[in-house]
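Worksheet: the structure to be examined is printed underneath.
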């Protein structure tokens, strides 16, 4: 469906509107965004335990205790294909060991756990966190199995046995382009009338914008320590400002939540990590694809900083030239074990005979639809008020009806789509690093040479020429470290069409040695 905002100049010019502005209206995308599960072992992990296998693990943890900033590669028998690191970690008073699969999952292990009053240990010795990337790319079931394979292989090397596996935390999220005026839709008096829940505490975050208006970009109900914590916020703004998870842009484009025009603007803002750059990025779009040369000259002057205009002027000009940016709102329920342990899971499949001690996880995932129906009705729902009626009996508002009808399919992507997302993420992250590098070279040149009019390429060359042997050694050590801390699989091969081809060579004047040739 073509964007209905056709009063801007872009729709009057010769441009492939279907290609640039096509998106699906009132679209939702649903997934589990974060998933933790806990593992209880059969062995006694109390401080007084005399189990030899437990002591073997404790010795291993003690011998691999690291300082902050350190790491150590780990190879697990049977999982040599998985890149793993040991990281320094302390959490909850007794989780003091972390195995990381970069950008995929973390395994937190306790060397000992406390006993209850009866002398028994009820605290899980292990907690595993599945990260957003692996959940969105592989699906929660495949992601769980991927991490569980590594965990069981690690425990087998110490002859430790799993007694129970259960969910610990799950974040259910709905990304949507349904709401394009969140400051109006979620206005506090209107939201109070719509919401039906037991929450008595709500937190709003406002940001002042143009013309005495404001932007309401974050609402939360409850506290993070509660059984359930609900957040409603601008996901697109979070991705831009935090400068991470750019692969969401691809996800949204794949599923029709945003157009290619939206993606263009988001990419520009992401590289700058600046949400307020939205209107200037829209001018960049017209500068690149528009046809009115006089207007393009003005856009170029504004984009290049040669013409100073107020934010209000740039915003009005961008509205004249291009459609408004499509906003993505996220509705997220953060549920903990304190809530999920009370769920009466329906045994839809015979998971116990097939998956053994891990069957609870499969039962929990099989009940996904029932759980989300409960959360979006009993925990929090938004209704359309009817005069004189009891609010709790009112029907859902159209936004909430659409949210509740969103299909959830737990499937992994094809290798082709996985590669598209991987390479796209690398490309945007590369642009951020390049911008940081070039800015640092200019700043370094000003500190070293003072105020000067040297060419920026001279500043970059000067920065490189001032490197000494110690600097090069530190760079080599840092590169070796980053090779371990970043996921090698996600960085495999060069980016297509972006190989390192250049015509510049650095020469060591004292030895004649050439670098970068």
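Kindly evaluate residue 297 against the criterion of being modelled with pLDDT of 95 or more, within 30 Å of residue 396 (Cβ to Cβ) and assigned to a helix (DSSP H, G or I). In short, no.
Counting only residues that are within 26 Å of the chain's Cα centre (by Cα) and in contact (Cβ under 8 Å) with a residue 60 or more places away in the chain, which one in region 383-404 is nearest to residue 195 (Cα to Cα)? Taking the candidates together, the pick is 399. Report whether or not residue 18 is modelled with pLDDT under 95, loosely packed, with under 13 Cβ neighbours inside 10 Å, more than 32 Å from the chain's Cα centre (by Cα) and farther than 24 Å from residue 137 by Cβ. For residue 18, the condition - modelled with pLDDT under 95, loosely packed, with under 13 Cβ neighbours inside 10 Å, more than 32 Å from the chain's Cα centre (by Cα) and farther than 24 Å from residue 137 by Cβ - is not met.
For region 267-294, filtered to residues that are in contact (Cβ under 8 Å) with a residue 24 or more places away in the chain and closer than 20 Å to residue 18 by Cβ, the residue that is surrounded by the fewest Cβ atoms within 10 Å (Cβ to Cβ) is 291. Restricting attention to region 475-491, the residues that are part of a helix (DSSP H, G or I) and surrounded by 12 or more Cβ atoms within 10 Å (Cβ to Cβ) add up to 7. Do any residues in region 73-90 that are in the same structural domain as residue 147 (by TED's automatic domain parsing) have Cβ atoms under 6 Å from those of residues that are assigned to a loop (DSSP other than H, G, I, E, B) and surrounded by fewer than 18 Cβ atoms within 10 Å (Cβ to Cβ), where the two are at least six apart or on different chains, and which pairs are they? These pairs meet every condition: 77/157; 83/488; 85/71; 86/64; 87/71; 88/66; 88/68. Any residue at all in region 49-63 that is assigned by TED's automatic domain parsing to the domain that holds residue 129, part of a loop (DSSP other than H, G, I, E, B) and either closer than 28 Å to residue 138 by Cβ or without any contact (Cβ under 8 Å) to a residue 40 or more places away in the chain (or both)? Yes. Of the residues making up region 185-201, those that are surrounded by 11 or more Cβ atoms within 10 Å (Cβ to Cβ), modelled with pLDDT under 90 and closer than 15 Å to residue 223 by Cβ number 0.
All told, residue 340 falls short of being closer than 16 Å to residue 148 by Cβ and surrounded by 17 or more Cβ atoms within 10 Å (Cβ to Cβ). Among the helices (runs of 4 or more DSSP H) confined to region 107-201, the ones with at least 1 residues that are under 22 Å from residue 94 (Cα atoms) and touching a residue at least 24 places away in the same chain (Cβ under 8 Å) are located at 140-156.
Inclusion of residue 97 among residues that are over 18 Å from residue 149 (Cβ atoms), in a strand (DSSP E or B), touching a strand residue (DSSP E or B) at 6+ places or on another chain (Cβ under 8 Å) and outside the structural domain of residue 358 (by TED's automatic domain parsing) is warranted. Reported count of residues in region 80-94, each being in a loop (DSSP other than H, G, I, E, B) and over 21 Å from residue 35 (Cβ atoms), is 6. Looking only at residues in region 202-211 that are touching a residue at least 12 places away in the same chain (Cβ under 8 Å) and not in a strand (DSSP E or B), the one that is surrounded by the most Cβ atoms within 10 Å (Cβ to Cβ) is 210. Suppose the filter is touching a residue at least 24 places away in the same chain (Cβ under 8 Å) and either touching a strand residue (DSSP E or B) at 6+ places or on another chain (Cβ under 8 Å) or surrounded by 14 or more Cβ atoms within 10 Å (Cβ to Cβ) (or both); does residue 335 pass it? Answer is yes for this residue.
The values are calculated or read from the model by the stated rules, or taken from the named source; none is laboratory data. It should be emphasised that the depicted structure is a prediction, and the values quoted were computed from it without experimental measurement. Please note: Cβ atoms are built from the backbone with ideal geometry, for glycine as well, and neighbour counts cover all protein chains shown.
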